[in-house]
1. Using the Karplus equation 6.51 cos²θ - 1.76 cosθ + 1.60 (θ = phi - 60°), what ³J(HN,Hα) coupling, rounded to whole Hz, does each residue of segment 123-139 give in order, writing x for Gly and Pro?
2. To the nearest 0.05, how large is the calculated FRET efficiency for Lys53 and Arg115 if R₀ is 22 Å and r is the Cβ-Cβ distance?
3. Please check: in the Gaussian network model of the chain (C-alpha springs, under 10 Å), which one of Ala25, Ala17, Ala166 has the largest mean-square fluctuation.
4. Sum up the charges of everything whose Cβ sits under 9 Å from the Cβ of Gly34, counting Lys and Arg as +1 and Asp and Glu as -1, but leave Gly34 out.
5. Loop-only chymotrypsin sites (Phe, Trp or Tyr not before Pro) in segment 157-231, please: DSSP not H, G, I, E or B, and at most 10 other Cβ atoms within 10 Å.
6. Could you please state how large a percent of the accessible area of segment 4-233 is carbon and sulfur, counting protein chains only and using a 1.4 Å probe?
7. Measure up Lys28/Lys151; Lys151/Lys195; Lys23/Lys151; Lys101/Lys151 against 24 Å on the Cα-Cα distance and list the ones that go over.
8. For Met184, Met94, what's the largest-to-smallest order of accessible area, 1.4 Å probe?
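The values are calculated or read from the model by the stated rules, or taken from the named source; none is laboratory data. Treat the numbers as computed from the prediction; the structure is a model and nothing was measured. We place every Cβ from the backbone using ideal geometry, glycine too, and count neighbours over all the protein chains shown. Quick note on the areas: whole protein, heavy atoms, side chains included, nothing else; ligands and nucleic acids left out. Shrake-Rupley method; radii C 1.70, N 1.55, O 1.52, S 1.80 Å.
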Amino acid sequence: MGRVAVVTGGTRGIGAAISIALKEAGYKVAANYGGNDEAANQFKAETGISVFKFDVSDFQSCASGIEAIETELGPVEVLVNNAGITRDGTIHRMSPEDWQKVIDTNLGSCFNMCRNVIEGMRERSFGRIVNIGSINGQAGQYGQVNYAAAKSGIHGFTKALAQEGAAKGITVNAIAPGYIDTDMVRAVPANVLEKIVAKVPVGRLGRADEIARGVLFLVADEGGFITGSTLSINGGQHMY
Ligand code: CAA
């Protein structure tokens, strides 16, 4: 019987690839999404994966969302914190709202989701948590103080929670993707993106399924000794 896996932001981009890869590997997948009903319905129709709409930046919404998932599929054993947004801009033009929204959605969501599954994982002495960080949380990025701070926070969060979970069979790891061919990256102005890709040794954007492979590796039952690590998947753009 497949383990139950939740993927936040799991109906589009990197998250969709992760949801699909987990399903193909035999997991029972719940794909969370925040607002795009059309994309979520299409994703559900195409993949047969259950979708759950709730706001990961809000603690209570996560509590209700996890409850709904557990009622339908069973106890959550695998959590992939993937949901993320950008509100790029240099700090001298960034509004407090664009700062806070990115921190709450990209980093606060990790607390909101983990807090609501961790007690069950501890009771069952098994859990796999993967947090999706970013090359820009490792290296920084012009125009992204909000995003880089949130993603950098994810890497610290991962290492702290890994220590707490270790004795209870719960592993906590991060993946730091580079520039992956998704809507988020396509929103970067073409002339800017061109310069970024020119600095990627592999010479191209990554594909979402190349991140999903890393998730499958980290959540496997056999991965019990891998915890607190960060897997960089970035075409050699930043070696850290
Ligand atoms: N380093 C130094 N200077 C830079 C720079 C950089 N990386 N990028 C731009 N500048 C300079 C420009 O040369 C320009 O200088 P001049 O005025 O002297 O010519 C100045 O900054 C203004 O640049 P823009 O015209 O780009 O300014 P803007 O206000 O129109 O836009 C921006 C600023 C929104 C930050 C835009 O540059 C941008 O979108 N950058 C890309 C940010 C980015 O990489 N986001 C990643 C999104 S995808 C993602 O986040 C996924 C992931 O995890 C990897």
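1. Residue by residue, segment 123-139 yields 4, 8, 6, 7, x, 10, 10, 10, 9, 8, x, 6, 3, 6, x, 8, 10 Hz.
2. 0.65
3. Checking each option, the largest mean-square fluctuation is seen for Ala25.
4. Neighbour charge sum, excluding Gly34 itself: 0.
5. Loop-located and lightly packed - Phe225.
6. Heavy-atom surface of segment 4-233 belonging to carbon and sulfur, 1.4 Å probe: 52 percent.
7. Lys28/Lys151; Lys23/Lys151
8. Met184, Met94
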